[in-house]
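S.K.: Pasting in a structure now, in structure tokens, and then I'll have a few things to ask.
Just so you know, all these numbers are worked out from the coordinates, no wet-lab data involved. If you're wondering where the values come from, they're calculated on a predicted model, not measured in any experiment. Cβ: placed from backbone, ideal geometry, glycine included. Neighbour counts: every protein chain shown.
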Amino acid sequence: MPNLSPSKIVCVGRNYAAHAKELGNDVPKEPLIFLKPPSSIVRDGESIRLPTVSKQVEYEGEIGVIIGKRLFKSGVDEARGAVAGIVAANDVTARDLQKSDGQWTRAKGFDTFCALGKIGEVPADLSTLTVTSRVNGTVRQQGRASDMVFDIPAILSFISGIMTLEPGDLVLTGTPDGVGTLAPGDVVEVEIAGVSRVSNPVTSAA
């Protein structure tokens, strides 16, 4: 199983039609990508810290993909073969800053804004993967990879035509509808059924 120390974290926005709709956005014609810094990573059980500059920090449960071999301008078949692991991920987002800034780096890039579970095995059929988010034990999100606008091999192929994906890099594949605000004292959990899980308490920033 590969190590979880990515040189970069590449994310896909609005990759579930229902999530795009709930935020009042159109589904993109091509994968909409952005970056999160590796410094945003926290592991299972570590705290997600809410920055004082945001009043609307939200969870986004996602299927994370670990790259196992170098991808450069790769086709979908080669990209599918490069998937080395699957990981539960929470793409924590300061939604108010995302809207006010007009670009997403600050909203997505705070320390503790990328919670990751343990890397799990890759299924034979990636479309069977399911992701569920819970806050304080209550299900808030549930989505299937088969619901994605752009499937995982297509995403990886597209990204590799822009930037080379290196072994160990992490790709977050989008969040289903049902995002919502986090508050101090919450516990937020993202689970990829039978594969990976991450659970984190939520605290105010020190």
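S.K.: Please identify the chymotrypsin sites (Phe, Trp or Tyr not before Pro) of region 1-78 that satisfy two criteria: DSSP loop assignment and at most 16 other Cβ atoms within 10 Å. Which are they?
M.R.: Phe72
S.K.: Nearest 20 debye, what's the magnitude of the dipole of the chain about its Cα centre given +1 on Lys and Arg Cβ and -1 on Asp and Glu Cβ?
M.R.: Taking the Cα centre of the chain as origin, the dipole is about 320 debye.
S.K.: Another question, if that's okay. How far, in nm, would the chain grow between Ala124 and Glu166 when pulled straight, counting 0.36 nm per residue and subtracting the alpha carbon separation?
M.R.: Result for the pair: 12.9 nm of gain on full extension.
S.K.: Of Gly161, Ile63, Leu97, which is farthest along the charge dipole of the chain in the positive direction, counting Lys and Arg as +1 and Asp and Glu as -1 at C-beta?
M.R.: Leu97
S.K.: Separate question: Between Arg106 and Phe72, what length in nm is gained on full extension when 0.36 nm per residue of separation is reduced by their alpha carbon distance?
M.R.: 9.5 nm
S.K.: Then there is this: So what's the back-of-envelope 222 nm ellipticity for the chain, counting only DSSP H runs of four-plus at -39500 (n - 2.57) apiece and dividing by all residues, rounded to 500?
M.R.: -4000 deg cm²/dmol
S.K.: With the contact rule set at Cα under 8 Å and sequence spacing of 6 or more, what percent relative contact order holds for the chain?
M.R.: For the chain, the relative contact order is 34 percent.
S.K.: Tell me, Lys108, Lys8 in order of fewest to most beta-carbon neighbours within 10 Å?
M.R.: Exposure proxy ranking, most exposed first: Lys8, Lys108.
S.K.: To continue, here is another question. Beyond a 25 Å Cα-Cα separation, which of these cross-linked pairs lie in this structure: Lys69/Lys99; Lys36/Lys99; Lys29/Lys118; Lys21/Lys118; Lys29/Lys99; Lys73/Lys118?
M.R.: From Lys69/Lys99; Lys36/Lys99; Lys29/Lys118; Lys21/Lys118; Lys29/Lys99; Lys73/Lys118, over 25 Å: Lys69/Lys99; Lys29/Lys118; Lys21/Lys118; Lys73/Lys118.
S.K.: Placing +1 at every Lys and Arg Cβ and -1 at every Asp and Glu Cβ, with all other atoms neutral, what dipole size does region 43-89 have around its Cα centre, in debye to the nearest 20?
M.R.: That gives region 43-89 a dipole magnitude of about 220 debye.
S.K.: If you bin every alpha carbon distance in the chain into 10 Å steps from zero, what whole percent lands in each bin?
M.R.: P(r) for the chain, in whole percents per bin: 10, 39, 39, 12, 1.
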